[in-house]
Amino acid sequence: MKLSRQLKMNIRKVVVITIGYTIINFFFFFYIYALLNSRYSLGPSSQFNIESSLLTNILVGLIAGVLGGSMLVSVNGKLFRKRSFKFAMLTTLLSYILIFTVVFLLAVFANLLTKHGPEAISYDVIQKAFGFAFDLTLVTNFILWGTITLFTLFLLQVNDKFGPGILLKFLAGNYYRPKKEDRIFMFMDMRSSTSIAEKLSNEKYFNLLNDLFSDLTDTILNNEGEIYQYVGDEIVISWPIEKGIKNANCLRCFTQVQEKLIDLRPIYEKKYQVIPEFKAGFHHGPVMAGEIGIIKKDIIYSGDVLNTTARIQEQCNQYNVDILISMETFDLITDTDGYKLIPLGSIELRGKKRKIAINTISKC
């Protein structure tokens, strides 16, 4: 069974979190070991077994990464993406306190039952056992892993802000100096957006766009697309050349978006009394990619290909079609089975002197 790109991305996130948690626990073990063996300490403790302590810390890191990481990635993707950052952090903090408390209570009662049996448990025994709650080691672990959990969620939220894969490139400084890339761009714009905006209130129109962009995200990701920008009611999506032409990802992305919107039509008709439709323009070419800005930094693409793609998309209304693609871009795509090319001739785009051959596409 072929895994969706979203699932693959989630698995990669869990793997990274698991590795990170394991490394943190290893350094936590190393810190305790160094502390016990420093010249200012009283010497190694007989209760500190190096092998078992190291193994325990590694196992705790692995288990915390797999279980905790899976939970955070899943909840962040399904619940928190449509809620505020404050809601996500507070919910995670309260959930962490609740889970930690439940695990602690279960551990205490399991320990009491094992040592004393149900008959020997008394109020004094329980009170003494719960005194462990204020043990410095437990409190330290509670604060440490609470901070790590919230920081993990913070990074997941920031990763969503930048887009899949961009955060790591940003941290690695890949775009500190502008670099040349060859990319395919798709400018996808909602039809009749002006009349729809007039029909709906500002708040309802915003919610419509938010729901649309959210519902279409998985389709874009599953076709290897990278969401570059949201510009009003328009989505700008790009692909590195090799990913865009592979399996005709760029074309299949838009046709699958259309199919998704047909499936969602009853929901949008009921909620907003509109039937959302999109038109799209495709073109490819070289761009410069790099960080821009001082106070607010962003990674942008700059090049004539963006202007040309926008102009191609504008012609959809002129030709009354949903999709337009330049001939030179279509020629790059080798796997076009299931698609029929309909040439529309060469036209002079607004603001351009050179004519460009454009085509529309229909499914066979």
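The values are calculated or read from the model by the stated rules, or taken from the named source; none is laboratory data. A quick note: this is a predicted structure, and the numbers were derived from the prediction, not measured. Neighbour counts run over all protein chains shown; Cβ positions are idealised from the backbone, glycine included.
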Of the listed residues (G225, G303, G232), the one being surrounded by 15 or more Cβ atoms within 10 Å (Cβ to Cβ) and more than 19 Å from the chain's Cα centre (by Cα) is G303
Residue count, the stretch 158-206, condition under 20 Å from K82 (Cβ atoms), free of Cβ contacts under 8 Å to residues at least 60 places away in the same chain and of a type in the set (G, A, S), comes to 1
Review point. With respect to N317, is the statement that it is surrounded by 13 or more Cβ atoms within 10 Å (Cβ to Cβ) and modelled with pLDDT of 85 or more true?
Key: no
Open item on the list: Residue under question is E119, and the condition is that it be exposed (fewer than 10 other Cβ atoms within 10 Å of the Cβ), part of a helix (DSSP H, G or I) and at pLDDT 80 or above; does it hold?
Closed with: no
Exercise for the section: Determine whether the stretch 289-301 contains at least one residue that is within 17 Å of N359 (Cβ to Cβ) and of a type in the set (A, V, I, L, M, F, W, C). Expected result: no
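Every residue in the stretch 346-360 that is among the small types (G, A, S) and loosely packed, with under 11 Cβ neighbours inside 10 Å, please.
Once the filter is applied, which keeps residues that are among the small types (G, A, S) and loosely packed, with under 11 Cβ neighbours inside 10 Å, the stretch 346-360 yields only G351.
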In the stretch 161-203, anything β-branched (V, I, T), surrounded by 14 or more Cβ atoms within 10 Å (Cβ to Cβ) and out of contact with any Gly (no Cβ under 6 Å at 6 or more places or on another chain) is listed as I166, I196
Residue hits (the stretch 317-357; among the aliphatic types (A, V, I, L, M) and within 22 Å of S193 (Cβ to Cβ)) are V321, I323, L324, I325, L349
Test F154 against the stated conditions and say whether it is assigned to a helix (DSSP H, G or I), within 19 Å of the chain's Cα centre (by Cα) and assigned by TED's automatic domain parsing to the domain that holds L90. yes
Pairing a residue in the stretch 53-64 that is farther than 15 Å from V15 by Cα with any residue that is assigned to a helix (DSSP H, G or I), where Cβ atoms lie under 7 Å and the two sit 6 or more apart in sequence or on different chains, gives S53/F29; L54/F29; N57/N25; N57/F26; N57/F28; N57/F29
Note: among P343, P266, P240, just one is surrounded by fewer than 21 Cβ atoms within 10 Å (Cβ to Cβ) and within 30 Å of P178 (Cα to Cα), namely P240
If we take the stretch 207-325, then helices (runs of 4 or more DSSP H) inside it with 1 or more residues that are free of Cβ contacts under 8 Å to residues at least 60 places away in the same chain, touching a Cys at 6+ places or on another chain (Cβ under 9 Å) and not assigned by TED's automatic domain parsing to the domain that holds N10 are 241-245
Exactly one of V274, V287 is at pLDDT 90 or above and surrounded by 16 or more Cβ atoms within 10 Å (Cβ to Cβ), and that residue is V287
When the stretch 145-157 is checked residue by residue, the ones that are hydroxyl-bearing (S, T, Y) and touching a residue at least 24 places away in the same chain (Cβ under 8 Å) are T149, T152
- prompt: Is it the case that P276 is closer than 30 Å to Y175 by Cα and within 28 Å of the chain's Cα centre (by Cα)?
  reply: no
